[in-house]
Amino acid sequence: MSNQENKDRALENDFQDQEFDNETFENQEEVVEEQVVGNKVDKLNEELDKEKNNFLRLFAEFENYKKRTSKERIELFSTASRELMTALLPILDDFERGLNEIEKSSDKDLLQGMQLIYNKFKTTLDQKGLKELEVKQGDVFDAEIHEAISQIPAPSKKLKGKIIDVVEKGYKLGETIIRFPKVVLGN
C-alpha cells in the first residue's frame with residue numbers, strides 16, 4: 001500500500017467518523033431540543049395551573065362578595081323599615097288611647113270616622129310586616145318575649161307568677177321583636 005492510499009483511507013475513515021459524529025451531534029441536538037421543549041411545556045403547565053388556581057380563588061371571592069352585599073342590602077332595608085316602624089309605634093298607641101276615649105263619648109259618627117282611619121293605618125303597618133304580639137291576662141311570663149315592669153299581689157293563686165295586665169303592647173317586624181310587651185306580674 002502506498003502512502004497515498006494510506007492517506008486516502010485515513011481521510012475516508014475521518015470522513016466516516018465525521019459523518020458518525022454529525023449523526024451523533026444531530027441526535028444530541030434533537031435530545032437537547034426535546035428537553036428544552038419539555039422544560040418549556042412543564043413551565044407553561046405550571047404557570048397554567050397557577051393561573052387556574054388564582055382564577056378559582058378570585059371567582060370564589062367574587063361569589064362571596066355578591067352574597068355578602070345582597071345580604072347587607074336586605075339587612076339595610078329591614079333596619080330602615082324597623083326604624084320607621086319603631087317611630088310609628090307611639091303614634092299607634094296614642095291612636096288606640098284616643099279611640100278608647102272617643103268610645104266613651106256619645107258622638108258615634110266621630111268614633112266611626114276615627115275607627116276607619118285607625119283600621120287603614122293598622123292595615124298598612126300590617127302589610128309592611130308589623131305584627132302585634134298576642135299577650136293576655138293569665139299567660140305565662142317569658143323573659144325572652146315579655147318585659148316585666150311591675151309585680152303586684154296576684155288576685156288568685158292561678159295568676160301567681162303569670163301576667164296580670166299588659167301596660168304596653170309588643171310588636172315584631174318579620175321574625176324580630178322590635179318592642180317587647182310591658183306587663184305586670186302576679187306575685
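The values are calculated or read from the model by the stated rules, or taken from the named source; none is laboratory data. None of these values were measured; they are calculated from a predicted model. Cβ atoms come from the backbone with ideal geometry, glycine included; neighbour counts cover every protein chain shown.
Things to note:
- The single condition among (1) surrounded by 14 or more Cβ atoms within 10 Å (Cβ to Cβ); (2) assigned to a helix (DSSP H, G or I); (3) of a type outside the set (D, E, K, R) that I164 does not satisfy is (2).
- Within segment 6-27, not a single residue is among the acidic types (D, E), surrounded by 10 or more Cβ atoms within 10 Å (Cβ to Cβ) and modelled with pLDDT of 75 or more.
- Complete set of residues in segment 139-152 that are among the hydrophobic types (A, V, I, L, M, F, W, C) and either in contact with a helix residue (DSSP H, G or I) (Cβ under 9 Å, 6 or more places away or on another chain) or surrounded by fewer than 11 Cβ atoms within 10 Å (Cβ to Cβ) (or both): V140, A143
- Among residues of segment 93-138, those that are surrounded by 14 or more Cβ atoms within 10 Å (Cβ to Cβ), within 40 Å of the chain's Cα centre (by Cα) and part of a helix (DSSP H, G or I), counted: 5
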